[in-house]
Amino acid sequence: TSKVSPKPQDDMAIDISEIDRPAEWEFLDYSHPSNAVMLILTPMGIVSHFAGWSGTVTFVLNFLCCIPLSCMMARVAQQVAHYTGDVIGGLITATVGNAAELILSCIALRKSRVDLVQASLVGSMLSSLVLMTGLVLLISGIQQKEHAFNSLAVSANSGLLLVGYMALSLPTLYVSLAPETSNDLQMSYAAAGALAIVYIQFLYYQTTTHSHLFTGRKYDTMPQMSLAMALMLLSVVSLVIMIHSELLVRNVEPMVHSAGFSERFVGAIILPVVGNAAEFFVAILAAMRNRLPLAIGVAFASCTQIAVFVVPFTVFVGWTSGIKMDLSFHPFEVVVLHLSVLLVAELLRGGTATWFQGSLLLATYSLLAFGFLYLPAMPLPFPPGQA
């Protein structure tokens, strides 16, 4: 552990010069399991592409590379948050937590893989809301018979998610009722703009007027590295994730043909493992330490960030790139999003949780996975937006 020089008790400011520099390298110690896996897999994932290995092997290697990299980004973002205060620090942590999802979506958009992006966004929301919440409820419920948490925070997040899902539903419904329309893209832009405004309002609500409803915003421990070192690491890790994401997206099609999966199944069930790896790590660790309110907060925060930040961000990226990234999703995706948020809100509205609620959510996610596995690519009455 790092040693910090004594400070006067009335001085709560962080003096960077007093932090032992070895702590930075201790943070990056490659004997740590995730760092060791990253060190081994990263060169293998890159070599697999240039050496002409099979597309499936290249996909799997680069997929595995992104998981420890995402976790490292989350750890470094927490170090940055020590220096920026609660409001900016919370925003940085939440944004970096979805950095892998953002990078994957932007690269897939650049290759005009709109269906893959849409499925990945929906899958990330479902994995955070249903799978992550179910896992933390089950883990904490096994350790303790019953847990209490703040149901008001769950209610606020659930309401925000319903607004976000409505923004996804309206363009889908509009296209189904008027398939020959040319205004579907304009409606998607309007919905994305509304979601961006809602996101800003929610940040103010979460960090200022009602911050007492949310956990995980205070940083009472000393940082383990300097701000400059943390920012440099964020840049380097982001660049490496971009490289692996590029190779990942390039080899989706060979993976689909080899494994027999549909592209939407890969986007909705497999790719969210990369995008949500950091949040899963934090949430499960909190549940194992019997901190269920924090674990639920991480799950809802991840899903909310995707619904009202990542989704409109991808729409605006498509707009500026000349790619038709609209919010006309597959009708199955829109329906299961609404049903999922209603189910989770109903299970948690009492402010108490047991392992059985977690088991119900895990069973629900299994049904969703089977649904995506056998989902038709293009239902005729409700065509999703295509480039």
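The values are calculated or read from the model by the stated rules, or taken from the named source; none is laboratory data. Keep in mind the model is a prediction, meaning the values are calculated, not measured. Every residue, glycine among them, receives a Cβ derived from its backbone with ideal geometry; neighbour counts consider all protein chains shown. SASA here: full protein model, heavy atoms, side chains in, ligands and nucleic acids out. Shrake-Rupley method; radii C 1.70, N 1.55, O 1.52, S 1.80 Å.
So here's what we get for this one:
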quantity	calculated
Nitroxide proxy distance, nm - points 7 Å out along Cα→Cβ at GLU146 and SER359	1.7
For TYR204, solvent-accessible area (1.4 Å; no DNA, RNA or ligand), Å²	140
Residue-level accessible surface for PHE372, protein heavy atoms, 1.4 Å, Å²	0
Of all accessible heavy-atom area on segment 276-387, the percent that carbon and sulfur account for (1.4 Å)	73
FRET efficiency, GLU180 to LYS111 (Cβ-Cβ, R0 25 Å, nearest 0.05)	0.35
Length released on extending from LEU231 to PHE316, taking residue separation times 0.36 nm less the Cα-Cα span	28.0 nm
Separation of alpha-carbon centers, segment 293-369 and segment 187-211, rounded to whole Å	16
Point-to-point label distance, LEU342-PHE50, nm (Cα→Cβ direction, 7 Å offset)	5.3
Global form of segment 104-168, assessed from the alpha-carbon gyration tensor, a/c cut-off 1.5	oblate
Potential lengthening between ILE197 and HIS210 on full extension [0.36 nm per residue; Cα-Cα distance subtracted]	2.9 nm
1.4 Å probe accessible area per residue over segment 104-161, in Å²	30
